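The values are calculated or read from the model by the stated rules, or taken from the named source; none is laboratory data. The model shown is predicted, which means the values in this text are computed figures rather than measured ones. Cβ atoms come from the backbone with ideal geometry, glycine included; neighbour counts cover every protein chain shown. Heads up: the accessible areas ignore ligands, DNA and RNA and are worked out on the full protein's heavy atoms, side chains in. Shrake-Rupley method; radii C 1.70, N 1.55, O 1.52, S 1.80 Å.
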Amino acid sequence: MASKFLLCFHDFSVWNYRKVTPILEELRDLAGAPFSVLVIPDTEKASPEAVQGFRETLLQLKNEGFELALHGYKHRAEFSQGRSYMGLIGMNLTHGEAEFAGLSEYESSRLLQAGLDAWHNLFGDSEKGTSQNPVAFVPPTWYSNAYLPSQVHAAKMLYEDRWSLTSARGRRYLSPVVSFAGIPKALENLAFAWGRMMFKCPIGVARLVIHPSDFPRLGDKIHDLVRIGLGAQRKLALYKDL
């Protein structure tokens, strides 16, 4: 049986959905199937028109078979009480995007709930009694804290870290990943070489993680990597398949 691989598009938000949606559709046509889209749910300071357009686009993607997962709350950290020293290092390395890094148990729970509340408000299910948590939660930049994995599992979501996936039922999968955001341009060719090797080696659930900032500059190389994934002994999957 073919090993699985995930195609994950990060950082889909109210601020970029108009620009990014055509990229998602192009990748879907290339892959032959919809894939996982990681949503930043915060819409604070966005206009009502933008929020409505974002909401309609999310529902359209969902209806087309795209899998929508929760990607933090704002993806940029605000001041939080009790962030650990290692969390502060993570914040510095990611230019403030590791919003869950090193948080206390209380702050981690509070921020996770803020993300879930924003998610349910986006889908309009907070007042209708149809609230359902997303299938997966991925902390921005994968920096986390000691409490977040169990908090995510308590909310019945899959949890993703940099090297593994743990389902809501507690099953853990080795998951090698290739991503290009935040790495020096001098290392990009090495990252693509790693991605090609990752797809051809039938170990774990491989992840190709792409970001809006990868396009258009790296678009052709990413398309080639998707083709390699599809041509290798792997099957395109979603979080819900694990």
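Okay, here's what the table says:
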read-out	value
Global form of region 74-179, assessed from the alpha-carbon gyration tensor, a/c cut-off 1.5	oblate
Among [x] 1.07; [y] 1.19; [z] 0.98, the entry derived from the coordinates for Cα Rg over 2.2 N^0.38 Å	[z]
Out-of-range pairs (alpha-carbon distance over 29 Å; input Lys19/Lys185; Lys62/Lys221; Lys156/Lys221; Lys19/Lys240; Lys200/Lys240; Lys62/Lys156)	Lys156/Lys221
Unit Cα scatterers, Debye sum, region 1-106: log10 I(q)/I(0) for q = 0.16, 0.21 Å⁻¹	-0.82, -1.06
Accessible area per residue, Å², the chain with all protein chains present, probe 1.4 Å	49
DSSP-defined antiparallel bridges as percent of all bridges, the chain, nearest 5	20
Those aspartates and glutamates that a straight Cα-Cα span of less than 19 Å connects to Lys45, excepting residues fewer than 8 apart in one chain	Asp11, Glu56, Glu78, Glu97, Glu99, Asp117
Prolate/oblate/rounded label for region 185-242 (Cα gyration tensor, a/c 1.5)	prolate
Max mean-square fluctuation residue, GNM over the chain, Cα-Cα springs under 10 Å, options Leu38, Leu187, Leu59	Leu187
Net lengthening on full extension, His95/Gln60 (0.36 nm per residue, minus Cα-Cα)	9.3 nm
Calculated [θ] (222 nm, deg cm²/dmol) that DSSP helices of n ≥ 4 give over the chain, each run adding -39,500 (n - 2.57)	-12000 deg cm²/dmol
Contact order relative to length of the chain, as percent, for alpha carbon pairs under 8 angstrom and 6 or more apart	25
GNM result for the chain, Cα springs below 10 Å: residue of Lys45, Lys200, Lys185 fluctuating most strongly	Lys45
The chain, accessible surface, carbon-and-sulfur percent (1.4 angstrom probe)	54
Spatial separation of Cα centroids for region 177-242 and region 19-96, in angstrom	19
Contour minus Cα-Cα distance for Ile203 and Arg217 (0.36 nm per residue)	2.1 nm
In nm, spacing of pseudo-spin labels at Leu88 and Val51 (7 Å Cα→C-beta vector)	3.5
Area of Lys221 that stays accessible when all protein chains are in place (1.4 Å probe, Å², to 10)	100
Cα shape, region 22-84, gyration tensor, a/c 1.5 rule	oblate
Paramagnetic label zone (point 7 Å from Cα along Cα-to-C-beta, Glu25; backbone N under 12 Å) in region 198-224	none
Residues with amide H under 5 Å from that of Ser144, placed H, sequence gap 5 or more	Gly102
Amide H contacts of Arg234 (H built 1.01 Å from N, under 5 Å, at least 5 apart or other chain)	none
Most mobile of Asp11, Asp161, Asp29 in a GNM of the chain (Cα contacts under 10 Å)	Asp29
